[in-house]
Amino acid sequence: MFLKEFYSGPNDRVSITPEQGCSFAKDIANDFNPLHDVDSKRFCVPGDLLFALVLDKYGVSKNMNFTFAGMLGSGDVTLDFPETDDDQFDIVGSHGKTILKVDRSGEINNTESVVSALSRNYVAFSGHNFPHVLVPLMAKQNTMINISRPFVIYESMTLEFDHMDFTDPQVEMMDPELQVNGKRADAFFKFQIKSGDKVVGKGFKKIVISGVREYDEKPMQEFVDNYLARKNTYLEAMSAK
């Protein structure tokens, strides 16, 4: 599968370098969150890379829930992907901390083309949530992130399929939702999964935003402009190679 260049190690022990995590975020997910930059002091491996690795190693189950219990930084930590048929299992780091909790049930599809297509489509959907979806959503709710120290956590995601007899799954955005409670906001990015012109499943990604405040268009737009400028600079450099 396309993930081979983004990790190293045997099937049950996985190591991800900052360079690999950064490359996945920018080249596959189109995600330019500074937390995924190689030189970031707060670097963390993209959650979508861990999600894709689970699908690669365990297949796609009819029902799946992923809960991100911790962040994988730039330290010398390997991940344990257990050989298991259990419906519930954890991805644990060599430091003893749980990084990802997986809950699955139902029929499993291990077809490589299906797993690869679903991974690529979901990751592309997920990486476009900021700024294209989240910023208009925040403006509508008159709330915004703390742009001086943004704290946005990928908390969980869920997949539910009507059946497993499908090919070439495509992820399509549905109406997102933002729930604001004081200084915290929960964003739900809902999607449906289609095979051809038929809907075969659905799901949502949940992120948690801490330290939200009243929406201020000028600084928010400056933040977005800086984000897009970083993205364009990187893409121009890549196209020049």
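The values are calculated or read from the model by the stated rules, or taken from the named source; none is laboratory data. As the structure is a prediction and not an experimental result, all values here were calculated from the model. Note: ideal-geometry Cβ built from the backbone for every residue, glycine included; neighbour counts use all protein chains shown.
Any idea which residue in the stretch 93-104 is surrounded by the most Cβ atoms within 10 Å (Cβ to Cβ), counting only those that are part of a strand (DSSP E or B) and not small (Gly, Ala, Ser)? It comes out as LEU100. For PHE66, indicate whether it is touching a Pro at 6+ places or on another chain (Cβ under 6 Å), surrounded by 15 or more Cβ atoms within 10 Å (Cβ to Cβ) and in contact (Cβ under 8 Å) with a residue 12 or more places away in the chain. When the stated conditions are applied, PHE66 does not pass them.
Here ASP168 meets the list (1) at negative phi; (2) surrounded by fewer than 17 Cβ atoms within 10 Å (Cβ to Cβ); (3) under 22 Å from the mean Cα position of the chain (by Cα) almost entirely, failing just condition (1). The listed residues are GLY21, GLY73, and the only one of them that is out of contact with any strand residue (DSSP E or B) (no Cβ under 8 Å at 6 or more places or on another chain), assigned to a loop (DSSP other than H, G, I, E, B) and within 23 Å of PHE151 (Cα to Cα) turns out to be GLY73.
Whenever a residue of the stretch 193-215 is touching a residue at least 24 places away in the same chain (Cβ under 8 Å) and outside any strand (DSSP E or B), its partners that are β-branched (Val, Ile, Thr) and buried (at least 20 other Cβ atoms within 10 Å of the Cβ), lying with C-beta atoms within less than 7 angstrom and at least six residues away or across chains, give the pairs VAL212/ILE145. The set of residues from the stretch 28-51 being of a type outside the set (S, T, N, Q) and in a loop (DSSP other than H, G, I, E, B) comprises ALA29, ASP31, PHE32, ASP37, VAL38, ASP39, LYS41, ARG42, PHE43, CYS44, VAL45, PRO46.
On the stretch given as the stretch 217-241, residues that are surrounded by 12 or more Cβ atoms within 10 Å (Cβ to Cβ) and either touching a strand residue (DSSP E or B) at 6+ places or on another chain (Cβ under 7 Å) or of a type in the set (S, T, N, Q) (or both) total 3. Note on the stretch 148-192: residues that are over 20 Å from LEU137 (Cβ atoms) and in contact (Cβ under 8 Å) with a residue 24 or more places away in the chain total 12. Summed over the stretch 21-38, residues that are within 13 Å of LEU53 (Cα to Cα) and in contact with a Ser or Thr (Cβ under 8 Å, 6 or more places away or on another chain) total 0.
Within the stretch 1-16, the set of residues being touching a residue at least 24 places away in the same chain (Cβ under 8 Å) and touching a strand residue (DSSP E or B) at 6+ places or on another chain (Cβ under 8 Å) comprises TYR7, GLY9, ASP12, ARG13, VAL14, SER15, ILE16. Kindly provide the set of residues from the stretch 76-92 that are under 19 Å from VAL45 (Cβ atoms) and either touching a residue at least 24 places away in the same chain (Cβ under 8 Å) or not in a strand (DSSP E or B) (or both), ordered by number. Correct list: ASP76, VAL77, THR78, LEU79, ASP80, PHE81, PRO82, ILE91. The residue of the stretch 52-63 that is surrounded by the most Cβ atoms within 10 Å (Cβ to Cβ), among those that are of a type outside the set (Val, Ile, Thr) and not in a helix (DSSP H, G or I), is SER61.
A single entry from VAL102, VAL54, VAL45 fulfils the requirement of being aliphatic (A, V, I, L, M), within 30 Å of LYS231 (Cβ to Cβ) and either in contact with a Phe, Trp or Tyr (Cβ under 6 Å, 6 or more places away or on another chain) or modelled with pLDDT of 95 or more (or both): VAL54.
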